[in-house]
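First comes the structure, then the notes that go with it.
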Amino acid sequence: MASSSSSSDPILKVDRIYKSYASTAGETPILKNIDFDVKKGEFVAIVGPSGSGKSTLLNILGTLDRPTTGDIYINGVDVFSLNDHDLAYLRNNAIGFIFQSYNLINRASVSKNIEIPCIISGLNKKERLERASKIMGLLGIEDKGSYKPFNLSGGQQQRVAIARALMNNPSIILADEPTGNLDTKTGNEVFNLLKMLSNKYDRTIIMVTHNSELAIKTDRIIHLKDGEIEQEENILT
Amino acid sequence: MESMDIKEIFVLSFQALKERKIRSLLTILMVMAGTSLLVAVNGVGAGFTEFFNKQFSNLAPNILFVTSGQEQGSTVGSNGGGGGGAGGSASSKITLNAAVINRIESLPFIEEVIPSYQSQVLMKSKGEEKTNAALSIDPNKLFVIAPTLDLQEGSQIKQNDPSAIVIAENIAKPPGEDNPFVTLGETVGLEYSFIDDTTGKQDTISKNFLVTAIMESTGNPTIDNAAVINLDAGDSLFQKSGKHDSLFVVASSNELVDVVESEIKKLYGNDIGVTTVKAILKTIEQFTGGITSFLLSIAIISLIVGAVGIITTLYTSVIERIREIGTLKAIGAQSSNILTMFVFEALIIGMLGATLGLIGGVGGGYALSQATPRNEGDPPLIPLFFMNDMITVWIISVVLSVIAGLLPAWKASKVSPIEALRPKT
């Protein structure tokens, strides 16, 4: 997978994405002419009312869904020119996912959950344990490695999910309502962790959220309405 | 591009089964039941074959049994008539008299023809009475019919002594009884009952005999359950008038038995019955083989039921773990990784079920053979388990399990992550 990006190129380029679904009533457009770039280290919030197309956009950014027309470039690679096998490889190595309901595997330990992306990529055990241990320390869950996810609080489980998303050092992290299942205090803690990853470790994060108080603390807000970008708002810090 | 750690997939699969313990255990039991049945039936079948081979290995393989084809005697019945003329019903059958013996003896590759009478008699000893088979034959020829025959200490075979009787060990000391029924040197009475052809009434003839020998068990059922008397004594006691019940035809070698059989058949066609040890063994093997095949087909059906159990269990598991599958795909798992994970689950179920099935099958085989009815005094029926058969059954069970796992595994691998991760409404 050759990359032609230079340091000034956007890490993510969304080029005129259009997505529609065929239904009995005819073609229903979900996303229309979505066009934006995300630079390395940027923390972008995508906000909008229900049905505005946020989740569909996130699925397309995460290469889980293909657009009807338009392209997406991650590190300069036209991702939808890849076949399903290479797309899975790209998701494993270039994209980190954080889900609203954490999506951890309850039968596996916290440590094993965090290791999964590296298990998929075939990294050797020693290296992946070292990496997991470092990330767990960074996120303050270093003592939870042997726990089962269901024994942890919601906030701790989301930290495990964040740790999992960081394991393969992805180019972008996609977070779908990461604080949606948490109380305000815990939600703020989790958000602050993401903010810290962006500020301190130069991580590129795209977060879908309903929470405008959190959105305003990111670098940029993309407002979606009826499948279109209604407004892009740069936050001055 | 490195590939996913197979060991870790295996661990995840194993953990998935552990997470649903009861369901996994029941599925393993289903596979185990099929495997056990296969192993047990195979083992008992092989044990049966071995049992009969052993039983018949003591029979001289160069002997042919020739009968007139008529029904052989009951205590009271048509054998009073002896020959083919009895009641006129078997008039087309050959009467095994001296002329027939001479004719058969004149055929090529025949060493000798040993005539015999057989009947049921009431044996009286020390005030006790028991019904036994009586074989009337030249006692010296017993060693030809049963080459492995041994006599108990003090026994003596008296040639041409019409008052001597040679008793099988089973009759002398019936298995399971503390006291012997007959002892060496004792005089026993034989009572033969028959229907008199002229009066139509039941009549009996009795005669006393001196027990001169007791035969050790030979494995030849004709001898092992018989009281043997001289040919003349049998002729007079059973009212045979020289019409023999059966002839033991001794071929000059084992290889010539088939030739001799066809020669006799050529001479008398279907009016005479010719049986060889080989034919008896073949018939028994066909019979036990038929039963074994029937039971094996049940075992295979039960194994297929186990496979259907795997399909059901894994398919349910796929539906329950749809979110996990979606998450794994979202974070980069290939469809082949998901397929492998579920195939491994089927493999683990198959391996555990098959392995437990082998153990259960060996135990079941012994239990089945214990439960098989057999005559007292018969050697025990021991099931035989061959390593090759066991490995084959194990492989069949495991392969069938994996094949059963392929459908749900394929379904799992085709799960769309968007569908799987869509919030439940």
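Coordinate-derived values only; no laboratory data. Since the model is a prediction, treat every value here as computed from it, not as a measurement. Because the Cβ atoms are built from the backbone with ideal geometry, glycine has one as well, and the counts that use them run over all protein chains shown.
Here are the numbers for this structure:
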item	result
Set of lysines with alpha-carbon distance to B:K201 below 22 Å, sequence-local pairs under 8 removed	B:K240, B:K243
Under the Debye formula (equal points on every Cα, no solvent term), log10 I(q)/I(0) of the stretch A:12-234 at q = 0.08, 0.14 Å⁻¹	-0.28, -0.86
Against the rule of thumb 2.2 N^0.38 Å, how large the Cα Rg of the stretch B:177-316 comes out	1.79
Counting DSSP beta bridges with both ends in the protein assembly as shown, the antiparallel % (nearest 5)	70
Of A:K134/B:K414; B:K130/B:K265; A:K19/B:K329; B:K158/B:K266, pairs whose Cα-Cα distance is over 32 Å	A:K134/B:K414; B:K130/B:K265; B:K158/B:K266
Charge sum, other residues only, whose C-beta stays under 15 Å from B:S241's C-beta, Lys/Arg counted +1 and Asp/Glu -1	-3
Radius ratio Rg over Rh of the protein assembly as shown, counting only Cα atoms, Kirkwood formula for Rh	1.36
15 Å reach of a label modelled at B:L26, 7 Å along Cα-to-Cβ, counting backbone N of the stretch B:282-313	B:306-313
Selected from B:A330, B:A233, B:A251 as most flexible by GNM, with chain B as the system and alpha-carbon contacts under 10 Å	B:A330
Cross-link partners of A:K125 among aspartates and glutamates (Cα-Cα below 18 Å; sequence separation of 8 or more within a chain)	A:E115, A:E142, B:E2, B:D5, B:E8
Of B:T372, B:T292, B:T49, the one that fluctuates the most in a GNM where chain B has Cα springs shorter than 10 Å	B:T372
A:E189, B:E153 arranged by Cβ crowding within 10 Å, fewest neighbours leading	B:E153, A:E189
Shape category assigned to the stretch A:75-185 from the gyration tensor of Cα positions, a/c cut at 1.5	oblate
For B:L210, net neighbour charge (Lys/Arg +1, Asp/Glu -1) across residues whose Cβ lies under 10 Å away	-1
Global geometry of the stretch B:202-258, whether rounded, prolate or oblate, following the gyration tensor of its Cα atoms and the 1.5 cut on a/c	oblate
Binned Cα-Cα distance frequencies in the stretch B:342-411 - 5 Å width, integer %	3, 17, 18, 16, 13, 11, 8, 6, 4, 2, 1, 0
Gyration tensor (Cα) of the stretch A:126-166, equivalent ellipsoid semi-axes in angstrom	17, 10, 8
Chain A, relative contact order [Cα under 8 Å, separation at least 6], %	28
Cα extents of the stretch A:71-127 along the three principal axes, largest first (Å)	38, 29, 18
For A:I173, distant residues with modelled amide H under 5 Å away	A:G96, A:T204, A:I205, A:I206
Taking the convex hull of Cα positions in chain B, its mean projected area over all directions (nm²)	31.4
Stokes-Einstein D for the stretch B:63-252, Kirkwood Rh over Cα pairs, 20 °C, 1.002 mPa s (µm²/s)	126
Using distinct alpha-carbon pairs, which all enter the 1/r mean, Kirkwood radius of the stretch B:293-425 in Å	17.2
Net charge over other residues, Cβ less than 13 angstrom from the Cβ of A:I205 (K, R count +1; D, E count -1)	+3
Burial ordering of A:H210, B:H244, A:H223, fewest other beta-carbon atoms within 10 Å first	A:H210, A:H223, B:H244
Listed residues A:P170, A:P117, A:P29, most fluctuating in chain A (Gaussian network, C-alpha, under 10 Å)	A:P29
Ranked B:W394, B:W410, criterion: other C-beta atoms within 10 Å, fewest first	B:W410, B:W394
DSSP bridge orientation in chain B - percent antiparallel, rounded to nearest 5	80
Axial C-alpha extent at least 27 Å, average Kyte-Doolittle at least 1.0 - helices from chain B (DSSP)	B:277-320, B:335-371, B:387-413
